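Below is one structure, written out as structure tokens, with a few remarks after it.
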Amino acid sequence: MSQYSKILLLTLTLGLGWSCANLNAQGLGNSPYSSLGIGEFYGDAYSDNSGMGQSGVSTASGFQINNLNPALWVRNRFTTLDVGLVTQYKNITAGSDKQTNFGANLAYLSLSFPVKPRWVIGVNLKPYSFIDYQNEATKPVIGTASEALYITSGKGGINKASITNSVQINKYISVGLESSYFFGNARRSSDVILVMPGESASNNYLVSLNQRTTYSDIAFRAGAAVRIPIKKENKLNLNLGGAYSFSTSLNSENTTTFELTQNSFPLTLPDTLDNNQSGSLTIPEQYQVGASLEWPFKLILSADYSRQSWSQYRNFNNLSESLRDVNRIHLGAEYLPRFTSLNYFNLVRYRLGFSYGNTPYVVAGKNVNDANISLGFTFPMGRGYQNFLSVALIGGQRGNTGVGQVKERYARAVLGITLLERWFVKQKLD
């Protein structure tokens with residue numbers, strides 16, 4: 001490993017240690033929709049695919065890891081370290097209420113290395129979903145002059161650690177299998193503050209119902225990709241690809257406690273309603289298919305379709321929470337001006353993308369749709385320009401204004417750093 005890469009790797013390691021300790025608890029900011037299902041999803045796209053409308057199931061450049069399809073990891077002929085951070089700014093509107101918030105987190109940490117010329121193994125750690133919400137409502141207590149403040153909140157999320165095996169079957173076909181371990185927890189609470197007329201705030205009663213659920217289990221995702229030459233001398237290729245995530249049931253344990261306090265002092269002993277009660281949570285199947293036209297080291301045009309059957313979701317209590325199946329389209333383009341140029345900006349890869357579809361969520365009887373556009377750039381860096389800094393900028397909206405509706409406008413940035421090295425090289429002696 002070069003001295004440059006060692007210094008950069010040490011910097012990343014220290015930075016990621018701080019990120020995991022601090023940013024993971026923050027998520028990507030308050031999200032009312034994360035109160036439904038298992039929360040809001042990060043998605044599988046890394047920085048380069050994020051800049052192409054989260055498309056790319058059928059093609060990979062080989063310079064960066066493509067996590068959308070396990071079969072495409074084999075395109076990375078060098079040992080590749082990919083690290084990503086994600087930040088998000090969001091404007092939330094619900095009726096006359098408005099809120100802005102900001103969040104950041106580790107997006108992914110991946111390492112792939114070729115075992116043999118046609119076999120690549122990769123390891124990956126990334127967040128899968130996050131829960132971060134707080135809702136408040138004030139209602140009168142029937143038959144009294146008192147009012148009650150109802151507060152529901154949630155924090156937590158699910159993470160995914162994976163091992164990917166990717167194999168090149170022949171010159172045109174590759175296959176891959178991702179084996180993942182899901183783990184995490186969700187903490188939800190429902191608080192009722194009884195406001196007594198004429199009394200100070202310290203004399204208010206607080207009734208709390210707290211629930212903590214932990215998740216853990218394994219899951220699998222398989223993929224295949226085909227590269228079909230259309231013109232001779234590898235001047236134009238048609239790429240086809242697909243990935244399938246198998247449905248899985250996560251082992252779950254739930255603990256629920258009840259408390260009644262006044263002025264922070266318990267009026268009764270805390271009561272444990274459920275203690276490590278066993279159950280399960282069902283994550284439904286998902287499939288992704290895509291096609292792309294590739295002019296190697298020049299231009300890529302890609303189009304993907306993805307579907308996940310969230311109507312099959314079941315929570316700890318075996319309820320579907322009225323989630324809907326998700327259907328999305330992803331369109332993207334990547335342009336490299338001139339691969340052999342000495343001009344730096346001719347070596348920068350430029351991306352444009354668009355994505356549209358529905359989310360699993362239904363609010364006030366209406367589907368919540370999501371649309372976004374994206375821009376992306378990959379800047380070569382280091383000696384010989386063998387490493388890369390990628391930036392994806394995404395702007396979008398989901399939901400609409402209306403009675404009982406919530407509209408979110410968001411701006412998201414994904415920063416990725418890619419280091420390439422050659423490992424397991426046999427030394428030759430003259």
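The values are calculated or read from the model by the stated rules, or taken from the named source; none is laboratory data. The structure displayed is predicted, hence computed values, not measured ones. Cβ placement follows ideal geometry from the backbone for every residue including glycine, while neighbour counts extend to all protein chains displayed. For the accessible areas, the whole protein counts, side chains as well, though only heavy atoms, and no ligand, DNA or RNA atoms are used. Shrake-Rupley method; radii C 1.70, N 1.55, O 1.52, S 1.80 Å.
If you plug the beta carbon distance of Q262 and N135 into 1/(1 + (r/R0)^6) with R0 = 35 Å, you get a FRET efficiency near 0.90.
For the options G143, G384, G290, a Gaussian network treatment of the chain with springs between C-alpha atoms closer than 10 Å singles out G143 as fluctuating the most.
Based on C-alpha pairs under 8 angstrom that are at least 6 apart in sequence, the chain has a relative contact order of 17 percent. Checking the Cα-Cα distances for K90/K126; K98/K126; K160/K231; K98/K155; K126/K232 against a 29 Å cut-off, the pairs over it are K98/K126; K160/K231; K126/K232. Ligands, DNA and RNA left out, the 1.4 Å accessible surface of the chain is 60% carbon and sulfur atoms.
Relative to the globular-protein estimate of 2.2 N^0.38 Å, the Cα radius of gyration of the chain stands at 1.10. For region 59-119, the spread of Cα positions along the three principal axes, ordered from largest to smallest, is 60, 19, 14 Å. Taking amide H positions as modeled 1.01 Å from N, with prolines and chain starts lacking one, the residues under 5 Å from N387 and 5 or more places away or on another chain are M381.
Using equal-weight Cα scatterers in the Debye expression, the normalised intensity of region 197-346 in log10 at q = 0.12, 0.13 Å⁻¹ is -0.77, -0.82. What the chain shows is 49 Å² of accessible area per residue, with the surface traced by a 1.4 Å probe over protein heavy atoms.
Per-residue extension of 0.36 nm, minus the Cα-Cα distance of I329 and L111, leaves a gain of 75.6 nm for this segment. Rounded to two decimals, the Cα radius of gyration of region 163-241 over 2.2 N^0.38 Å is 2.43. Derived from the Cα gyration tensor, the three semi-axes of the equivalent ellipsoid of region 334-389 are 39, 11, 6 Å, largest first. Axis of helix 3-22 versus longest Cα principal axis of the chain: the two differ by about 20°, to the nearest ten degrees. Averaging Cα coordinates gives a centre for region 311-347 and one for region 223-298; these two points are 13 Å apart. For region 205-274, the C-alpha radius of gyration divided by 2.2 N^0.38 Å, with N the number of residues, is 2.45.
Convex hull volume per residue, computed on the Cα atoms of region 135-204, equals 133 Å³. Each Lys and Arg contributes +1 and each Asp and Glu -1, all at the Cβ; summed about the Cα centre of region 127-196, the dipole is approximately 300 debye.
Selection among G103, T87, Y287 by position relative to the dipole of the chain gives Y287 as farthest towards the positive end (Cβ unit charges, Cα centre).
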